[in-house]
Each structure stands twice: as structure tokens, then as C-alpha cells.
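Colleague: This is the structure, below, for whatever I ask next.
Derivation of every value follows stated rules applied to the coordinates shown; laboratory data play no part. The model shown is predicted, which means the values in this text are computed figures rather than measured ones. Note that each Cβ is placed from the backbone with ideal geometry, even for glycine, and that neighbours are counted across all protein chains shown.
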Amino acid sequence: MSLSLLLLPLLLALPPPPSAAAQGQTTNISSFSSSDGQWRPGQGQILLSPNATFAAGFQPPFPNASSSSSQYTFSVWYNGISPPTVVWSANPDSPVDASAYLVVTSGGRLFLNSSGVDRWGPNATVATGNSSANLSLSDDGNLVFGAWESFGVPRDTFLPNQNMSGRTLVSKNGRFSFDSANLVFNDTENYWTSPNGEFLNLDDSGKINQNGQPTLSADFGEHVSVPRRLTLGDDGNLRMCSYSQSQWTMVWQAMPELCTIHGLCGRNSICMSDGAEGTYCVCPPGFRSSAAGNYECERKVPVRSPKFLRLDFVNFTGGLNQTKLQARNYSDCEARCRVNSTCLGFMFNYDGTGFCVLQLGQLLYGYWSPGTTTANAMFLKVDQSETDTSNFTGLTSVLETTCPVNVTLPQPPDESNATTRNIVIICTLFAAELISGMAFFWAFLKKYIKYRNMAQTLGLELLPAGGPKRFTLAEIKAATKEFSDPIGRGGFGDVYKGELNDKRVVAVKCLKNVTGGDAEFWAEVTIIARMHHLNLVRLWGFCAEKGQRILVYEYVPNGSLDKFLFRSSRPTEQGETDEAAPMVDEKPMLDWGVRYRIALGVARAIAYLHEECLEWVLHCDIKPENILLGDDFCPKISDFGLAKLRKKEDMVSMSRIRGTRGYMAPEWAKTDQITPKADVYSFGMVLLEVVSGVRNFEMQGSLLDSEDWYFPGWAFDKAFKEMKVEDILDRQIKHAYDDRVHFKLVDRMVKTAMWCLQDRPELRPSMGKVAKMLEGTVEIMEPRKPTIFYLGDD
């Protein structure tokens with residue numbers, strides 16, 4: 001050992017060998033040992049893996065840096081990919097200059113010498129005790145030297161077949177880390193945890209193994225042989241990328257909503273997503289940008305006499321205290337914040353749970369997300385003199401139903417006898433309680449006998465808990481005032497507006513041509529009622545009495561989508577429309593952002609029906625009339641699940657009568673089996689109408705005969721052949737189209753619609769993939785031109 005120490009200075013002082021780079025050539029080597037002398041950045045020497053997939057050597061610290069850069073790191077990268085994609089570095093935080101060199105000492109030690117200091121990195125210096133040890137690169141990108149390997153000390157990337165358990169990734173900027181199960185900001189704050197447990201490894205097909213619960217990439221492992229990597233970016237998101245068509249494509253990410261990542265915006269700031277790829281930071285009302293920068297905000301007016309501004313869909317997930325309190329109501333939660341001088345605001349839920357969180361000391365990690373429950377809001381403390389108003393509004397304004405009621409009782413006369421009065425009051429209360437008890441008991445007996453006999457007749461003695469409420473026909477007639485207020489008419493029956501005893505406004509659909517008995521009808525209704533999704537109309541109950549089949553839905557006040565898209569308010573064929581609010585000629589204009597959210601919400605709801613329900617559900621009648629809009633233009637699909645109550649022949653006949661022929665997939669007119677791809681076709685037609693603002697059967701200045709006219713084919717020619725996408729945009733908001741802001745959004749909508757409208761079902765994507773295509777999380781290939789049935793394009 002002492003001899004090795006004596007020889008080390010002599011070895012380091014040896015002159016470098018002739019540079020291969022100086023001779024204008026690159027040298028590929030399969031291993032590096034002590035006999036190879038010194039390895040310098042300017043030699044042009046590259047260590048290749050046996051299959052030539054990976055390479056190792058000196059690289060500039062940044063992929064886009066010039067090859068003549070004076071700073072280098074010893075790195076491993078994918079060979080043959082430009083620019084080089086570095087997957088591991090020995091000295092990422094300590095680049096060396098051109099005078100540095102790598103050497104294997106006679107004692108069997110890797111030494112990256114820079115001015116006499118070893119820069120190989122902490123915990124990575126290897127002393128094998130074997131002077132014949134050599135540095136080599138395996139086919140899977142693992143750099144090996146004796147018992148040491150680079151897979152044991154990962155940087156910001158995991159490679160296929162690399163053991164992830166117990167390993168930690170750190171982003172290049174050092175702000176974020178991933179410990180194979182959790183994403184952490186600043187080594188202290190956990191902002192994401194893997195729902196399926198610890199990551200074990202990534203295989204060649206893009207599958208992440210997690211304790212027996214694999215996570216698949218968006219390309220479903222279609223390209224097994226392509227390079228893949230799992231990288232922690234400087235924005236704090238963990239992404240899987242695959243290399244195809246000469247570029248890296250993101251095929252999975254841990255956090256689709258980037259604003260929920262901690263640290264993207266500074267103190268008192270709110271992170272916003274542009275709905276496509278990026279995020280930006282804004283100041284809440286009462287605040288302005290701070291001179292300190294770092295996306296921080298500061299108050300305009302100090303708080304002396306506080307008031308609160310409501311910010312719907314806003315959350316602040318960081319602060320000195322995030323304790324969840326149990327408040328009696330909104331006033332109780334507000335009072336707790338008002339009396340606390342360190343309270344900067346509070347979050348409150350209107351769902352009756354008493355959820356209340358005080359934001360103490362500081363406002364950190366704020367973000368806006370429409371995915372937040374509609375009953376949640378952030379209330380920001382500002383001074384009474386503050387003139388800013390909140391521009392974060394949602395449904396909570398209609399949920400504020402609490403109002404103060406003052407009840408006073410007259411004082412008794414002075415001359416009354418208190419003892420006599422008390423006795424009379426007690427006796428009266430006792431008599432009233434006795435009479436009420438007897439009345440309630442009698443009513444209970446009558447109801448019990450009535451429903452017991454009904455259940456025995458229908459064979460429904462055992463009804464599962466949590467099912468839909470069963471209304472009597474008398475209750476339905478009272479709620480609808482004898483069906484006096486019709487609001488719509490559809491293929492499944494007429495719809496009436498009503499009001500229940502608890503003041504809930506409902507839409508009552510009287511079904512017609514329903515097959516099956518009462519037991520089958522009740523079973524199907526129970527399945528429909530269990531379908532809960534933000535973008536599905538909620539079913540509250542049903543009635544099956546005296547041959548009537550009635551469904552009771554929540555009332556959606558803004559009516560159906562067609563009233564907003566088609567401004568002439570033209571009815572469908574035979575003058576019939578589906579359930580909606582009363583027809584109003586003047587409707588607000590839908591801008592591009594609202595249309596995109598409507599399309600994405602409808603896609604997610606149909607994907608839920610197809611892929612996430614306990615029982616497979618087809619809608620079979622997707623059209624604008626069956627898409628209702630809430631107060632904040634949140635889309636809700638109606639008539640889902642009712643197709644099971646009708647036969648295929650009836651559905652086809654009904655569709656022809658009701659004028660929705662333009663939304664039917666080609667397989668309806670043939671003997672082909674009906675699959676979820678029929679709904680995909682209908683959604684594609686609706687998506688194209690959302691972009692264009694016209695019915696699909698209205699000819700748009702074409703020279704073709706009416707029998708040869710096909711709306712999707714016309715739109716395809718305009719967008720992809722003539723490259724005039726503006727010709728298919730809705731003329732009502734065409735002036736608001738900005739190519740820089742809206743191009744990617746509209747392009748995704750048009751391309752997705754074209755894939756949905758393919759004539760063959762097997763060419764259409766699933767609704768789950770359609771939603772991802774609209775979200776921009778998967779790459780959309782160039783679509784084929786849709787044709788009528790199986791006729792090619794002339």
C-alpha cells in the first residue's frame with residue numbers, strides 16, 4: 001500500500017499520450033484500464049457498449065453546449081442520438097477543464113484528476129485492490145469498474161432493467177428528488193406518492209413494475225426495441241420518454257397537472273395552467289408582483305380592517321399550519337381566521353362536512369384547478385379599502401344558501417300567573433307530542449303495508465342500501481304539476497321540469513317503448529344510479545307504477561350544447577329536441593377555452609362509461625342535444641345507460657325518426673356488432689361541430705351534390721389538404737382565433753375528431769386514448785381522410 005502511495009505522484013506526473021483528436025479522428029474503445037494511461041477530454045476517445053447503444057466519455061455539461069466547450073463531465077449517453085442524451089455523469093456538479101484526465105492507478109483506483117483533486121464524485125471512488133481492473137460499459141448503459149457500478153448511484157435518470165428500489169433521483173437543478181416512491185421538494189416536502197407503491201424497475205416495453213401493479217406507458221409498449229428512460233426534470237415532474245421518429249416523446253408522467261408541483265411559483269403567487277403544455281404564475285387580487293422576483297407577490301394594502309375575497313378552484317397547499325378544523329358553518333370558519341392575526345385566509349367546503357383550513361403565516365404553493373371539487377373555495381384576507389375584485393369564480397356562488405333568520409317571541413303580560421302558564425305549556429306540548437307520535441306511527445304502518453305489498457308483487461323484497469329513491473306516481477305528478485311544464489322531447493321520451501318537496505329542481509323523463517318487466521327495469525336503473533362522474537347528469541330516483549316508467553334527474557339550468565353552438569336555434573328533424581332548459585334565443589358565446597373544456601369533459605365521461613364502470617356501458621346516442629351545460633359551462637352527458645332498455649332495431653328506427661342520423665356510426669346500418677367504437681364515432685362528429693359551430697348535415701359552400709356531401713371529408717380537405725383550417729372554424733368566434741395561442745388546442749381537436757370518424761371501427765382509438773389525445777399527453781399521428789362507409793376518396 002505504501003509503495004502505491006509513493007508511485008501515485010509519479011504516475012500523475014507522466015506526460016499524456018498523443019491525442020487522437022489532434023489527429024482528427026475518434027477512437028472507440030471497449031474498456032479502459034491502467035495500461036491505457038491518461039484519458040483526457042481532447043483525445044476524442046469514446047467507450048462503447050458491446051451493442052453500441054450507449055457511449056461514455058467526456059461531454060460538455062449541457063446537451064446543447066459547443067463541442068469546443070472548456071468545461072466537461074465524464075458521462076454516459078445514448079449513442080447515435082443527436083443532441084446527446086446524457087443519462088449519468090460522474091461529476092455533474094463539478095465540471096473539469098481540458099487539462100483534467102481520468103486514470104486507473106496501479107493500485108486499482110479510478111481517479112478523475114483536476115488540479116490534483118479527485119472529481120469522480122462522492123461515494124463513487126472505487127478501490128478494488130486489483131491493478132488489472134478495467135472500466136467497461138454494459139449493453140443496458142451500466143458503467144462498471146470492479147464491484148462498483150453507475151446503476152448504484154443514479155443521477156436524474158433510470159434506464160430499463162435498472163433496479164430502482166432504494167435508489168434516489170435528483171433533478172439537475174437540485175430542487176427535486178424521487179426516492180422510488182415519492183416526489184420531494186427541497187428534501188422536505190412530499191408532493192406526490194406513487195398510488196401503487198414503490199417503483200421496482202422499468203422493462204424494455206415501457207412497463208413500470210410496482211409491487212405487482214404495473215404502470216403502462218401511453219404507447220402500450222408498441223415499440224419494444226426503442227430507447228426509453230425515466231427522468232426527473234427540473235420542473236419537478238417524473239416522466240417516461242421513448243425515442244421514435246428521431247425525437248424523444250413523453251409517454252407517461254407522474255403529475256398531469258403541473259401546477260400541483262411545489263415550488264413552481266413563489267410566495268403569495270398562484271400557478272395557472274394554459275391547458276396545453278406550460279404554466280405561469282399570477283398574483284391574487286389585493287397583491288402585485290414583488291421586486292424580489294422569483295414569481296413572488298406582495299400585498300398592495302396592509303390589512304387593518306379585514307374582509308375576505310372568494311377564490312373558487314384555488315388551493316394553497318403550503319403554510320406554517322395546514323391543520324384541518326371542524327367548523328360548524330362558513331361563519332364559524334371565517335371568525336376563526338378573522339381573530340387570528342397570522343391568518344392570511346382560509347379554505348372552506350360547502351359540502352356540509354365542516355372542512356376548514358386556516359392559512360397561517362404564509363401563502364405557499366397556490367394553484368388553480370377546475371378539477372378541484374366545486375364546493376371548495378379559498379377566502380383571501382384583504383383590507384376593507386382594497387378595490388380589487390376576485391376573478392376566480394365558479395359554482396360556489398349558487399351554493400351559498402345560508403341566510404340569517406331572526407326569530408322573536410312576544411313578552412308575556414305582566415299580570416299573568418307564571419305557574420299556571422307553565423303548566424298549560426307543558427300539558428300542551430305533551431298532548432301535541434302524543435298526538436304527533438300516534439300520527440307518525442299510523443303513517444308508518446300504512447307506508448310499511450303499502451311498500452311490503454308492492455315489493456311482494458314485484459319480487460323486490462330485498463332492495464340494496466344506497467340505491468336510487470323510488471317515487472310514487474302521485475309524488476311525480478305533484479312535483480311536475482301534472483306534467484304541465486315540458487322542457488324537452490327526445491328519442492327515449494318527453495322531459496318535464498319539476499320541484500320536489502325538499503325544493504330541489506329536477507328534470508323528469510317519462511320513458512316510452514321500454515322492454516322488460518319491473519324487476520329488469522329496477523336492476524338497470526340501479527346500475528345507472530351508481531354511475532357517479534363530474535360530467536354525467538345525476539340520477540336521483542325513478543318511478544315504476546301503473547305501467548309508467550319515469551326517471552328523475554338533476555336539473556341542469558343552461559340547457560343543451562346545441563343551443564349555444566347553432567345560433568339559429570334550429571330544431572332537429574320533426575321539430576324535436578332533447579332535455580334542456582326552456583329555449584332562449586340569446587345565449588352567451590362559447591370561446592375556444594370553454595369549447596376545449598367541454599370537449600375534454602365529454603371525452604372523460606364517455607371513457608368512464610366505457611372503461612371505468614363496474615358494468616360496461618354504451619351510450620349509443622351521443623349528440624349536442626344530449627350534452628347539457630351547468631352554470632360554469634361544465635358539460636354533463638344525459639341519456640347514458642338507457643340504450644340497454646331498447647333493442648338495436650328500435651334504436652336505429654328511433655334515430656331515423658328523431659333526425660340524429662348524422663351522428664350514427666356506419667355499423668348501425670349493417671349487421672355488424674355494436675362496440676364502444678360506435679360512441680367514439682358519434683363523439684368525433686360532435687367534436688367537429690364544436691369547432692365549426694354548424695350541423696354536420698349543413699353543406700358549407702361545396703360544389704358536390706347533396707348525396708355526395710360528407711362533412712368530415714370536407715373538413716379534412718380544408719385542414720390537411722388546402723391547409724386552411726380557418727375555413728372550418730365557427731364564424732361566430734372566428735375573429736377571436738389567435739394562431740399563436742389557439743393553434744395547438746384547435747389542431748388537437750381537429751386531428752382527434754378525424755381519428756374518431758374513421759369508417760372502420762378498428763381504426764378508431766378508444767375513448768380513454770381520445771381523452772389523452774385532447775389533453776396532449778400522447779402524440780397524435782397524421783389522420784386518414786374519413787370516408788362514407790367503405791367508399792374511398794375519389
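Colleague: Are there any trypsin sites (Lys or Arg not before Pro) in region 324-379 that are in a DSSP loop and have at most 13 other Cβ atoms within 10 Å? List them by number.
Modeller: Arg328
Colleague: What is the projected area of the convex hull of the Cα atoms of region 278-360, averaged over all directions, in nm²?
Modeller: Numbers: hull surface 26.4 nm².
Projected over every direction and averaged, the Cα hull of region 278-360 covers 6.6 nm².
Colleague: Right, something else. If each residue's Cβ is checked for other Cβ atoms within 10 Å, how do Tyr737, Tyr710 rank with the fewest at the top?
Modeller: Working: Tyr737 16, Tyr710 20.
Fewest to most other Cβ atoms nearby, the residues stand as Tyr737, Tyr710.
Colleague: Distance between the C-alpha centers of region 75-96 and region 100-120? Whole Å please.
Modeller: For region 75-96 versus region 100-120, the Cα centre distance is 19 Å.
Colleague: Using bins 10 angstrom wide from zero, how does P(r) for region 226-308 break down, in % of all Cα pairs?
Modeller: Over region 226-308, the share of Cα pairs per 10 Å bin runs 16, 34, 25, 15, 7, 3, 0 percent.
Colleague: How much length, in nm to one decimal, is gained on full extension between Gln732 and Ala443, taken as 0.36 nm per residue of separation minus their Cα-Cα distance? Intermediate results must be reported in sequence, preceding the final value.
Modeller: On the way: separation 289, 0.36 × 289 = 104.04 nm, distance 5.87 nm.
Separation in residues times 0.36 nm, less the Cα-Cα distance, equals 98.2 nm.
Colleague: Turning to a different aspect of this structure: Which net charge results for the neighbourhood of Glu611, defined as the other residues with beta-carbon distances under 14 angstrom from its beta-carbon, given Lys and Arg at +1 and Asp and Glu at -1? Walk me through the intermediate numbers first.
Modeller: On the way: positive: Arg604, Lys677, Lys769, Lys772; negative: Glu612, Glu615, Asp679.
It works out to a net charge of +1.
Colleague: Quick one: Cα convex hull volume of region 260-399, Å³ per residue? Let's see the in-between values first.
Modeller: Values: hull volume 15.4 nm³, N = 140.
Once divided by residue count, the hull of region 260-399 is 110 Å³.
Colleague: Determine the sum of side-chain charges near His262: Lys and Arg each +1, Asp and Glu each -1, restricted to other residues whose C-beta is under 10 angstrom from that of His262.
Modeller: Working: positive: Arg175; negative: Glu189.
Once all neighbours under 10 Å are counted, the net charge is 0.
Colleague: Could you work out how much longer the chain between Lys546 and Ser31 gets when fully extended? Use 0.36 nm per residue separation minus the Cα distance between them, nm to one decimal. Could the numbers behind the result be given before it?
Modeller: On the way: separation 515, 0.36 × 515 = 185.40 nm, distance 8.71 nm.
Net length gain for the segment: 176.7 nm.
Colleague: Let me check I've understood the local charge: for Pro95, count other residues with C-beta under 15 angstrom from its C-beta, Lys and Arg +1, Asp and Glu -1. What total comes out?
Modeller: Details: positive: Arg40, Arg119, Arg155, Lys172; negative: Asp93, Asp97, Asp118.
Result for the local shell: +1.
Colleague: Next question. Express the Stokes-Einstein translational diffusion coefficient of region 157-256 in µm² s⁻¹, to the nearest whole number, given a Kirkwood radius over alpha-carbon pairs, 4 °C and a viscosity of 1.567 mPa s.
Modeller: Once the numbers are plugged in, D ends up at 95 µm²/s.
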